1. Would you mind checking the pairs A:LYS68/B:LYS296; A:LYS21/A:LYS108; A:LYS107/A:LYS135; A:LYS68/B:LYS294 and listing those with alpha carbons more than 25 angstrom apart?
2. Which whole number gives the average, over all residues in A:50-56, of C-beta atoms from other chains lying within 10 Å of the residue C-beta?
3. With viscosity set to 1.002 mPa s and temperature to 20 °C, compute the Stokes-Einstein D of the protein assembly as shown, Rh being the Kirkwood radius across alpha carbon pairs; µm²/s, no decimals.
4. On average, how many beta carbons from a partner chain sit within 10 Å of the beta carbon of a residue in B:298-309?
5. What accessible area per residue, rounded to a whole number of Å², is obtained for the protein assembly as shown using a probe radius of 1.4 Å?
6. Enter the accessible area of B:TRP174 (Å², nearest 10), with the probe set to 1.4 Å and all protein chains included.
7. What do you get for the angle between helix B:355-365 and the principal long axis of chain B? Use alpha-carbon atoms, 0 to 90 degrees, nearest ten.
8. When the Cα centres of region B:242-297 and region B:299-374 are compared, how far apart do they sit, in Å?
Amino acid sequence: MTGVLEAIRAALPSAGIELLKNQSPCAQHSLLVAPKDARAVAEFLRDSLGYDFCSNVSGVDWPARKVKEAIVRRETVEGVGTDVQETIEREIPGFLEAVYHLFSIAKKSGLLTLRVRTGNRDDEVSIPSLTPVWKSADFQEREAFDLYGIRFDGHPDLRRLLMWDEFADHPMRKDYVPPDDYEYEPTPHDEILAKVKSRTEAA
Amino acid sequence: MSHLPSLSPARTIDVSLGPQHPSTHGVFRMNVTLDGETVVKLQPVFGYLHRNHEKIAEGNSWLAAMPYTDRLDYICSITNNWAYALAVEKLAGIEVAERAEFIRVIVGELTRLQNHAAFLGFILGDMGAWGTALMYAFREREKILDLFEALTGARMMCNYMRFGGCRCDLPPGWLETTRKLVDGFPAFLDEMEALLTGNEILLARLQGVAPLTPERAINGGMSGPVLRASGVDYDIRKVDNYGIYGRFKFRVPRGSVGDCYDRFMLRVLEARESVEILKQAIAGIPGGPVINPKAKQRGFRPPVGEAYGRIEGPKGELGFYLISDGSDRPYRFRVRPPSLINLTLLEELSIGAKIADVMVILGSIDIVLGEVDR
């Protein structure tokens, strides 16, 4: 993985690329690529490093979340320095992510995980499509667009894949709320009744 | 000015094939534009069987996703279980019990045999040989499903694998029955081949239809028999050596032209290799527990991280991409569906072919809609 990273840095010095560690025992680390460089990096990986097979494209939703971090702060009180442990809360803004799993059939090697992130989850959801590089990303990017709302710039045919065209939302997002009435209930009861009541009271 | 309608030059017509067409293997639709009988455009339409398997799995515990994976490719539920179990084992670093590894290979290869048997029947149905060939193929498949029933209690929705092993041990006498079935299986393949592979109509319908170059197959993400039929030597059982496949001797058949006939014959050859693996696995199976006693099933919480695990399923590369946030349910549960991704090049393969060949091309890719639409 580090060899691949160095090769990319040598060939594309200006590319925004970063190694993300995976804490899992399988240690499948990934490369985070800036959207502006994704196409160039992908083409380099395919043409120069032999990653000819884009196996899997997944969308991932990361809503804004707060993480607690333990920090150690040096505090000096009346000339005596002491280390104070503190927990701070840090807010990580939300984003959507497309994860590409690449293999090399020519060299029978792999796995290389490539991640591209959007700016946020609302209006900056465009990242470049890698379908022109690997045709296999075609349907899978359409699926990520359908279920997550990631817009893939340069995709030849970016339409919904699984949901119907008139559907408005992106059901795989973490904050997706399924509608009450997608199955008609003549006599709502239990959870559905509670939902209907809260809706009518709010209106 | 004539009151007669003007005779327009040759026009194309749009035909909607499916979703309720017996040769689409389920609810799948293709919007085909035809110039006479020749396909000039083909747009697949998905989603008729979509129930958002991934969302359901993300709302359930890690173990509860296991029976749901049966419903992906419902012809081969056991290999779906295997791929998911493998990905979770990678994610959490779980060792698999030795005996379970052998059982996994045995049931996995039996799954491949019955899938390829069903494929032979289905593709002949797609060519117009309705019923008869399918009946012979299903006769053989039934025997394997009986074995699955004896082992797991279910013929198709087996729900058999667990993290670190398998759900239950082999019932008494099961291995002996399996050995007999495996020994008899090449006779079925010989019979099928004697009846079919030299058949003039079959050759005319398959040979030279929709050839696929290795470069296009790789770039299009084809996997499994479709990829190997194009002459690419890539079998995940050999490349990844997952499970204990490294211990068995078997060959990887390859096609040369990549046409429908190669894709057809490759399944026959692959089934013969599966028989070889089965013989070795049945002969070498050790005793011992069928599950790693340290592996937790209920209330299982893998460490924070992610893993991509894949196996050589009967239809192609079946992968699971899992992200854990340390809780009792998957943060992200993604299936890499070989049936869907193998359809990427369906339009490319079909353009220029006759409308009747589209069904054969689709049949030669071998899809199951439970996996395409998830």
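The values are calculated or read from the model by the stated rules, or taken from the named source; none is laboratory data. None of these values were measured; they are calculated from a predicted model. Here Cβ is always computed from backbone atoms with ideal geometry, including for glycine, and neighbour counts include all displayed protein chains. For accessibility, only protein heavy atoms count, side chains too; no ligands or nucleic acids. Shrake-Rupley method; radii C 1.70, N 1.55, O 1.52, S 1.80 Å.
1. Exceeds cut-off: A:LYS68/B:LYS296; A:LYS68/B:LYS294.
2. Going residue by residue through A:50-56 and averaging, the value is 6.
3. 84 µm²/s
4. Mean inter-chain Cβ contacts per residue within 10 Å come to 4.
5. Numbers: 24340 Å² over 577 residues.
Per residue, the protein assembly as shown has 42 Å² of solvent-accessible surface.
6. Number for this one is 10 Å².
7. 10 degrees
8. Cα centroid of region B:242-297 versus Cα centroid of region B:299-374: 20 Å apart.
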